[in-house]
Amino acid sequence: MREAKKVLYAAIAVTCSWALCGTSAFAEERSLYERLGGVGAIQAVVTKFISNVGADSRINGYFKNADLKQLNKHLVNQVCQATGGPCTYEGRDMKTAHKGMKVTTAAFNALVEDLVAALDTFNVPEKEKGELLAILGPMKSDIVEVP
Ligand code: HEM
C-alpha cells in the first residue's frame, strides 16, 4: 500500500512539472533568440534592414564601398549570438569595424530607425524589439565618432 502511494505521488509530481513547463512562467525563460523566431527570422529582418539602409539617402553613402553580402552574414551572426542563439560572430569589434568612418549621432539614429522599420515589417512585438535595441544601443559609443 505504502509503495502504491509512493508511485502515485511520484506520478503527480512528474505530471505537475510537465504541466508547469507549458505555462507562461516558464515561457519567459526562452531566450530572445528563440522569441524572435530563430536564425531564419533574424536573417529575414537583417536582409530587410540592409535594403532599408540602401534606400535611405541620409546614410547610404557610408555603405557605397561595403561588401553587403559579408555585412549581412556578420549582422545575422552578431544578432543571433547576442540574443542567445547558437551562432558565432566572426567580424571585427564595433570600434575597429567603424574606425575612421566619421559616423555621426544623426547617422546612428537613422540606422536605428531603419532597423525598427525592418522589425515592424515582420511584426516583431514591442517587448522583443525593445530588448534587441537595448542590446545594440550601448554599441553607440564605439561606433559614433562625430557626436
Ligand atoms: C548598433 C548599430 C550598428 C551595428 C550593430 C553595426 C554592425 C556592423 C557589423 C557587424 C559590421 C561588420 C564588421 C566587419 O566587417 O568585421 C559593420 C560594418 C559596417 N558598418 Fe556598422 N553597425 C552599426 C552602426 C553603423 C552605422 C550607424 C553606420 C553608418 C551610418 C555603419 C556603417 C558600417 C559600414 C560602412 C560598415 C563596413 C561594411 C564593409 O566594409 O563591408 N554601421 N557594422
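Quick one: would you say ALA27 is on the phi < 0 side of the Ramachandran plot, of a type in the set (A, V, I, L, M, F, W, C) and modelled with pLDDT of 95 or more?
no
Taking ALA66 and the conditions (1) in a helix (DSSP H, G or I); (2) exposed (fewer than 15 other Cβ atoms within 10 Å of the Cβ); (3) of a type in the set (A, V, I, L, M, F, W, C), which numbered condition does it fall short on, given that it satisfies the others?
That leaves (1) as the condition not met.
Show me the helices (runs of 4 or more DSSP H) entirely contained within the stretch 93-147 in which 3 or more residues are within 8 Å of the ligand (Cβ to nearest atom), closer than 12 Å to ILE59 by Cβ and out of contact with any strand residue (DSSP E or B) (no Cβ under 6 Å at 6 or more places or on another chain).
So the answer is 105-121.
The values are calculated or read from the model by the stated rules, or taken from the named source; none is laboratory data. None of these values were measured; they are calculated from a predicted model. A quick note on method: Cβ atoms are made from the backbone with ideal geometry, for glycine too, and the neighbour counts reach across all protein chains shown.
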